[in-house]
Every structure is written in structure tokens, then in C-alpha cells.
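Asks: First, the structure itself, so that you have it in front of you.
The values are calculated or read from the model by the stated rules, or taken from the named source; none is laboratory data. Just so you know, these numbers come straight off a predicted model, no measurement behind them. Here the Cβ is made from the backbone with ideal geometry for all residues, glycine too, and neighbour counts use every protein chain on show. Surface accessibility is based on the protein's heavy atoms, side chains included, excluding ligands, DNA and RNA. Shrake-Rupley method; radii C 1.70, N 1.55, O 1.52, S 1.80 Å.
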Amino acid sequence: MKKIVGIIAAVAMATSVFAADVSAKVNLLGSVFNWKQDGNLHVLGIAEGGQGWNPSFAMTVSGDKAGASMKFNDPEATGAVSNVNYNLWFKPIDALKIQVGQWDTNLNQEKIDWSNTATGIDSNGVALCLNTNGFELDAFFVTGWSGGNFGWNRNNNIKGWINKGSAEGAKAEISETYIKAAYGADFGTISAYADLKANGGYSDWSTGSEVKIDVPGMDFGFGYANTFGSVNTFFNGIVGFGNKGTDENQFGIFRGEAYVATNIDAFGISAFIVGGYANKDVATNIAQDKLANVHPGYDGAFLGFIAKFTYGINGYTPYLYLKEDNFMKGGDFAMEIKPGVTFNVGTCALDIALDIKLDSKTEIDVPVVMTVAW
């Protein structure tokens, strides 16, 4: 914690000398009441201290030619910062941005959970971002995870972008490369990406706990986004390939993602639908922790959705959130139903809800999300 305070103090001193914009956010998820069908009961607790995409503390320093950001998380709510991401960037020319450290992007992201598209990447490495006349081209060279470094750590044998083992006959391999292109005009925005991994991995949560699986593979995607009047919409398509025994680059999964959102006066509605087909014999690098997550061994079609209905009145926004992860997986009925309300107290934004998860192990929770940004 002393290191964090020292970093913040150094940033504040630097911005007083050099012209730069500083923004920060503190985010905390608590639980007033939590009950599970297995008999567990908790009252007044901290659920977690942030996630990678929604950190417990984030600070950004940005100027015309350079900037940096830091993200601190305590996902297990233990009081220890167990995940630290930071980066810095600079522009040698106006159209080119070079970023070193943590970098993330996607084709199109739904604005309900802000985390469910499988078209993106979030890792450490070096990103080259070209942006000119409506055209964007990103090239990201992943250098691996190193526990809060810039993606490389020679002392702990963290893999780089290009790696070659010491064994006789070992070949050099490129760890991971992510390329994305997009073009926006009056007709909307079209985009595409390619993610190539020689020894990449993903997290399998099918057993209820995280298991790191290392598999080669590649996936490709395309997207289209536009706004028609008050209706905002997009569609993403993804095809993933992996290994089937000794056979490489076999078809593993197709995934389609569709999003639509609109507002009619004070009433708002948004929905995100995911569907596709998975081959159980081929392990792919498609994210396993997204909506309609399909774990290794899943075979056949899948279909899931989330939807949110809102109504703004006198500074308060009541809402109803619905989620079905996969209609096609069979077994017990499973759905999440969450009515809630958002409002502000000064600069603090609050979100209080009654979260009911109906499945073989029913859970009832009263989460409270508190956010202060400046």
C-alpha cells in the first residue's frame, strides 16, 4: 500500500510540473445480504475489490503526446492488491500511438455488463496503433504475464513475443499476435481481427475453479456497428480453430454476437444475444468466461442472452436485468433475475439490487456497487 501511495504522490507532483489531464476512479462491490441454497449465509460483506476490466482503483494521466495508466485490483477482497496492470504510451507522430504494458481492445462491446464479447484481447505487450481519416489499424505483440510488470521478466522465465527453448531441435515460436482493422463512415463502422497464438492459453472455469490450459490456435472475427435514429446496434462474428490430437488448425467454434439498445423518452432497453456451434473435439482460444461460455468438451449449438430495462425518474434509475447463460446446455433451469436502482449521492454513484440466481444451487444476493470518479 505504501508503494501505491508513493506512486500516486509522484504522479501528482509530475502533473503539477508538466501539463497533463488526470482522472481517477475508486470502485467497490459489497453485499448487504447473501444466501445460498447449500446453507451459507452472509450479512454485510465485501464481495470483491475490482476486476481487470473494472478495477478497484484506476488512475490515468494523459497529455497530447504521452500518457500512462494504472489499475489496482483486489479480486478476492483480502485487502491485498493481487493484480496490478499499468502501461505508458507516446505518439512519435500524431497518427501513430505506441503503448507498452497492459493493452485491451475488441471489435464491439455490449454496454450492459461491458465484458461479454469474445472478439477482444486483454494482456501485456507492445501495441502499435495507427489512426487516420476514419481508418484504424492496431498490431499487438503479446509478451506474456509477469505479475505487474510490463510483460517481460527474464528472472522468472516469463515468455516473450518470440520464444525458443534450450532443448536440441527446439524451434522459435511467436507467442501471440493480435491484429485489428476498422473503418468508420456514414454507413457505420466495419471491423475485423485476427488472433494468432503459438503457445497461448485460456482459463477453464467448467469445474467451478480456474484451470489454466495451454493450447495453440487462432481465431478470426468481423464486426459491423451503426446507429439508426435512437437505435444503437452491432453484430460480431467469430470463427476459432485449434488442435484435434496431432491435427492442427481444425474448426473448433463459430460464435455470433448481436446487440441492440434504444431509449424512448425516459424508458431504455438493451439486449445482447450470443449463439453458435462448438466442436467438442477441438480446444480453441475463444474466451471461456464470456456469456454462453462453451468449455472444452461441449458439443453442439449454444444460445444465451442478457437484457436490461431502465426507467429514469427524478435522479433515480430503476432497472430490471435478466440473464440466461445457455438455453441449449440442458440440465436444470438456470436464469439470473436482478431488479435494482442506480442513483448518485454527491460524487458517489450507487447501484443497489436484489440479485436472484436460479439454478441447481439457488443464490439470493443484495449487491451494492459504489463508485467515485474524478
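Asks: Would you please name the residue that is farthest from the chain's Cα centre (by Cα), looking only at residues in segment 250-273 that are over 18 Å from Thr117 (Cα atoms) and in a strand (DSSP E or B)?
Replies: Ile264
Asks: Would you pick out the residues in segment 346-366 that are over 19 Å from Trp35 (Cβ atoms) and assigned to a strand (DSSP E or B)?
Replies: Cys348, Ala349, Leu350, Asp351
Asks: Related question: If Leu96 satisfies every condition in (1) modelled with pLDDT of 95 or more; (2) crowded, with 16+ Cβ neighbours inside 10 Å but one, which is the exception?
Replies: (2)
Asks: For segment 302-313, give me each residue that is open to solvent by less than 50 Å² (accessible area, probe 1.4 Å) and touching a helix residue (DSSP H, G or I) at 6+ places or on another chain (Cβ under 9 Å).
Replies: Those that are open to solvent by less than 50 Å² (accessible area, probe 1.4 Å) and touching a helix residue (DSSP H, G or I) at 6+ places or on another chain (Cβ under 9 Å): Phe302, Gly304, Phe305.
Asks: Here's a follow-up. Restricting attention to segment 96-118, which residues are farther than 22 Å from Val61 by Cβ and touching a residue at least 12 places away in the same chain (Cβ under 8 Å)?
Replies: The answer is Asn106, Leu107, Asn108, Glu110, Lys111, Ile112, Asp113, Trp114, Ser115, Asn116, Thr117, Ala118.
Asks: Could you tell me whether any residue of segment 314-323 is free of Cβ contacts under 8 Å to residues at least 24 places away in the same chain, charged (D, E, K, R) and open to solvent by less than 70 Å² (accessible area, probe 1.4 Å)?
Replies: For segment 314-323, residues free of Cβ contacts under 8 Å to residues at least 24 places away in the same chain, charged (D, E, K, R) and open to solvent by less than 70 Å² (accessible area, probe 1.4 Å): absent.
Asks: Sort out which residues of segment 226-249 are more than 20 Å from Ile112 (Cα to Cα), assigned to a strand (DSSP E or B) and open to solvent by 70 Å² or more (accessible area, probe 1.4 Å), and write them in order of number.
Replies: Selection gives Lys244, Asp247, Glu248, Asn249.
Asks: Cβ-Cβ under 9 Å, sequence separation 6+ or interchain: first residue in segment 361-374 and closer than 23 Å to Thr347 by Cβ, partner part of a strand (DSSP E or B) and hydroxyl-bearing (Ser, Thr, Tyr). Which pairs?
Replies: Once the first residue is closer than 23 Å to Thr347 by Cβ and sits in segment 361-374, its partners that are part of a strand (DSSP E or B) and hydroxyl-bearing (Ser, Thr, Tyr) give Pro367/Ser31; Val368/Ser31; Val369/Thr342; Ala373/Ser23; Trp374/Ser23.
Asks: Quick test for you: out of Ala14, Ala68, Ala10, Ala24, pick the one residue that is crowded, with 17+ Cβ neighbours inside 10 Å and either assigned to a helix (DSSP H, G or I) or at pLDDT 85 or above (or both).
Replies: Ala68
Asks: On to the next question. State which residue is modelled with the lowest pLDDT when the search covers only segment 283-313 and only residues that are farther than 23 Å from Ile352 by Cα and over 23 Å from the mean Cα position of the chain (by Cα).
Replies: The qualifying residue modelled with the lowest pLDDT is Gly297.
Asks: Please enumerate the residues belonging to segment 314-345 that are in a loop (DSSP other than H, G, I, E, B) and modelled with pLDDT of 90 or more.
Replies: Those that are in a loop (DSSP other than H, G, I, E, B) and modelled with pLDDT of 90 or more: Asn314, Gly315.
Asks: Tell me yes or no: at least one residue of segment 107-114 is over 16 Å from Thr177 (Cα atoms), at pLDDT 70 or above and open to solvent by 70 Å² or more (accessible area, probe 1.4 Å).
Replies: Within segment 107-114, one or more residues are over 16 Å from Thr177 (Cα atoms), at pLDDT 70 or above and open to solvent by 70 Å² or more (accessible area, probe 1.4 Å).
Asks: Let me ask you something else. Does at least one position in segment 39-49 carry a residue that is surrounded by 14 or more Cβ atoms within 10 Å (Cβ to Cβ), under 21 Å from Asp104 (Cβ atoms), within 17 Å of the chain's Cα centre (by Cα) and at pLDDT below 80?
Replies: Yes - at least one qualifying residue is present in segment 39-49.
Asks: Right, Gly120: within 21 Å of Gly188 (Cα to Cα) and small (Gly, Ala, Ser) or not?
Replies: yes
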